[in-house]
Each structure stands twice: as structure tokens, then as C-alpha cells.
Amino acid sequence: MSDQFVLETRGLVKEFKGFVAVDDVNLKVQSGHIHALIGPNGAGKTTVFNLLTKFLIPTRGKILFMGDDITSMKSAAIARKGVVRSFQISAVFPHMTALENIRVALQRFEGHSFHFWKSGNSLNALNERSMALLDQVGLTEFANTTTVELAYGRKRALELATTLAMEPKLLLLDEPTQGMGAEDVDRVVELVRKAAQGRTVLMVEHNLGVVSKLCDRITVLSQGSVLTEGDYEKVSNDPKVREVYMGKSSNSPSASAPENQEASE
């Protein structure tokens, strides 16, 4: 694998009792890029993410990270190598403060997750780094706010901060704007752009307006296979993409770029 590719899949296949959910997917994610994985409902996007992070085991194929074959590795080992994932549903501790959530994430990264007998004051050494992460996602003023009291968009921002605490080399974002209003979407776009500085991002995203603003390269899945790949201009003007998103023939004069369409799974 070329050094420029942080992640590569070769002939990735996932079958469920004869149903092929992911079919011969060859994915290459270039270092420093924000790369989107999009497609209509049932295209296989989240299944690919689950294969990459070993929540599912591939039926066939290989997954390479930084040139190393990680196909047989377990989820925790992959995370330790620097592949860190966020989820569609916010995964923070609701009854801890924002600051406490970040400190727990940092503690886990340092390998002290199960030192429950230690005083809570022992975590104060992590406060400076925690506050820096909260500042990065615009949550400084909410450091001492219990997470359950945060608005949905701010909870997602906090989740991103806990993910960044793991110092990922490859950040996997699973529908980061799911369920958000326009104001929160704009905020998350800026947060992802900041988070991508100095690292590589692969994201599943249903909002193609977000993809157009953020992504260097886009892979379109349809029925578990790669339909096409390229930058947003190429993908949005591809007749095959228009057809799978809008259900119209590529020859139809009313078929247009799917800029405002959503592709959820």
C-alpha cells in the first residue's frame, strides 16, 4: 500500500446467511483527507464502518491501516493503533459534567480506566488537557454542566471532544449531524473541520450539503458495492448517483444533482 493511504480495504465482503451486505468494496482513504462514505438507504455504509472497527467480522477481504493488516485484530487493539470511532447516538455519560466526561476519556487513553479506588482528585492533573479539548469544540463555558442538561448539538460536540481525547490518527464519524437542526449542523461542520486538522477523517453522512462543504473525496455505495468515487462535483453530477438517490433515469431532464437529498441507513 502506498504511504499516502491511511486506510485501505481490499475485496471487502460481508454476507449474512446468503445476503451480501458489502460486496467487494475497495476503499482507499488518503492521509489528511476528509473522506465521505455516502449512499441511499441500505447501501451498506454503516456495515462497512462496523467491519472497519471489528464490530462485525469480514466474510472475505482485507483491511489495512498505515500499511499494516488489521483484519484479524479486535476492536480495542484497533483503537489503540489510532482508529477511533464516534457513533450515531451520543455516547457520553449523562450524569457527569462535560469536564468529567473528558477526564474519563483521557484516563482511559492513559491506561488507568479501572483504578476505581483512586481519589477523584487524582484526575485533576488532566484538567488542563480536558479544558483544552472543551475549548476546541466550543464548550468551555459548559465545563461544569451536567451532560444531561446540554442541548443535543452540544452533546454531540462533547462526544467529539471525548473522541479526540483518544488522539486518533484516523477519526471515523458515523452520521455526526444525525437529527440536528440547521444551526447545530453548521456548528458541527466547523467542529469536524477543526478536528480534521492534522488527522484523517472518514465519515458516513446523510446530509449531502455537509459532504459538499467538508469532504475532499467521496465514495458512493449502492447495494453494498462502490457505485462511483471522486470529489463532490464529479459525484453529484454522475447520472448513476442521481438515479440511485432520486429514482429517476439519468436521461430524465428533471434529474438534478442530489445536493439537498439525504442518504440515511
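What follows is calculated from the coordinates using simple rules that are stated; it is not laboratory data. Fair warning: this is a prediction, and the values are worked out from it, not measured in the lab. Counting neighbours? That spans all protein chains shown, and the Cβs are built from the backbone with ideal geometry, glycine included.
Going from the residue with the fewest nearby Cβ atoms within 10 Å to the one with the most, I57, I102, I63 rank I57, I63, I102.
Taking 0.36 nm per residue of sequence separation and removing the Cα-Cα distance, the E183/K234 pair yields an extension gain of 15.6 nm. For the set K81/K213; K17/K240; K17/K213; K74/K234; K45/K155; K17/K169, the pairs lying more than 32 angstrom apart at their alpha carbons are K17/K213; K74/K234; K17/K169.
Using the Cβ-Cβ distance between Q223 and F93 with R0 set to 35 Å, the FRET efficiency from 1/(1 + (r/R0)^6) comes to roughly 0.40. Extension gain, A125 to E149: 0.36 nm times the residue separation minus the Cα-Cα distance gives 6.1 nm.
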